[in-house]
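Coordinate-derived values only; no laboratory data. Please read all numbers here as calculations on a predicted model, not as lab measurements. Neighbour counts are summed over all protein chains in view; Cβ atoms, including those assigned to glycine, are modelled from backbone coordinates with ideal geometry.
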Amino acid sequence: MNLDELFSLKGRTALITGGSRGVGKMILEGYLAAGCKRVYISARKQDQISATVEEFGDKVIGIPSDLSKVAACIKLAEHISQNEDRLDILVNNAGAAWGEDFETHSEAGWDKTMDINVKGLFFLTQALHPLLKKSASFDRPAKIINIASIDGLKINPWQTYSYQASKAAVIQLTRRIAAELIKDNIQVTGIAPGAFQSDMNKAARDHIESVGKNIPYPRVGTPEDIAGVAIFLAARAGDYMVGETVVCDGGIVNASLPGNSIDVG
């Protein structure tokens, strides 16, 4: 058993949606360190893409895309297919959150969250299926990793109704797509992150100490924490994981004692 090969992504090509910042950028850094030959990233804002490409170099290719729209999902897949004959790893990380009081929660906020978090994830996966299938074999399966959230497994104090519902949907959708694509040697899994510093989780970003002390393992997540799980699932080490969503949260979901108040933003 070769430990380096067990966790290596040497020579593989990946796409990370929402890869210019936050959790997506953390996974990007991990995949490059694990040996990916090329990583595509997408995001809605060109300036964020450009900054990330400049930071990490020519192994990273940025493509602006609003994946809340099916046409954009198809266009992104076509762009990659013009440059690659196969895709080894897809990380569906692009997401949006929306917080609003129950009495006033808008249709626009609901649709924005559901469109990017659920609809975009499904239709991009559908559009990239041919490229993933070309890469996949029984001995070296292609990988799809969907980024959910612990908010899809437990409620939080915030009035983020559509976000919490969307992330629960991602976890169930991961299982269903996994059941369909395993016949093509494409293994679908997910990650449910807890408190990581990002623009989406401003509490963890701006109040790192106060958020961290409320977590059973009392700190917020680091880039190494989330990248480690994402590397494991994408590499040979994760080849027997199918349909599972791995919780990466310092114990909030599975190790919080009854009566404890956990508020991590």
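Quick notes
- Cβ-placed point charges (K, R +1; D, E -1), dipole of the range 28-103 about Cα centre in debye, nearest 20: 360
- Structural size metrics of the chain, computed from C-alpha coordinates, are Rg and Dmax of 17.6, 57 Å.
- When only Cα pairs below 8 angstrom with a gap of at least 6 residues are kept, the chain shows a relative contact order of 20 percent.
- FRET E, pair K10, A179, Förster distance 35 Å, beta-carbon r, rounded to 0.05: 0.75
- Computing FRET efficiency as 1/(1 + (r/R0)^6) for N156 and N2, where r is the C-beta to C-beta distance and R0 is 25 Å, gives about 0.05.
- Of the cross-linked pairs K75/K183; K25/K133; K37/K133; K75/K134; K69/K167; K37/K75, those separated by over 21 Å at the C-alpha level are K75/K183; K25/K133; K37/K75.
- Highest GNM mean-square fluctuation among Y161, Y240, Y40, for the chain modelled with Cα contacts below 10 Å: Y240.
- Considering only alpha-carbon pairs that sit under 8 angstrom and 6 or more positions apart, the relative contact order computed for the range 11-147 is 26 percent.
- Selection from Q82, P218, W98, by position along the positive dipole direction of the chain (Cβ): Q82
- The chain - mean residue ellipticity at 222 nm from DSSP helices (-39,500 (n - 2.57) per run, n ≥ 4, rounded to 500): -12500 deg cm²/dmol
- Extension gain, D58-F102: 0.36 nm per intervening residue step, less the Cα-Cα distance, totals 11.3 nm.
- Choice from S42, S106, S149 showing the highest fluctuation, given a GNM over the chain with Cα pairs closer than 10 Å: S106
- Relative to the longest principal axis of the Cα atoms of the chain, the long axis of helix 22-33 makes an angle of roughly 40 degrees.
- Degrees, to the nearest 10: 161-181 long Cα axis against longest axis of the chain: 30
- Cβ charges +1 (Lys, Arg) and -1 (Asp, Glu), total dipole of the range 3-248, debye: 460
- Selection among M114, F138, A127 by position relative to the dipole of the range 103-154 gives F138 as farthest towards the positive end (Cβ unit charges, Cα centre).
- Angle of helix 70-83 to the longest C-alpha principal axis of the chain, folded into 0 to 90 degrees and rounded to 10: 40°.
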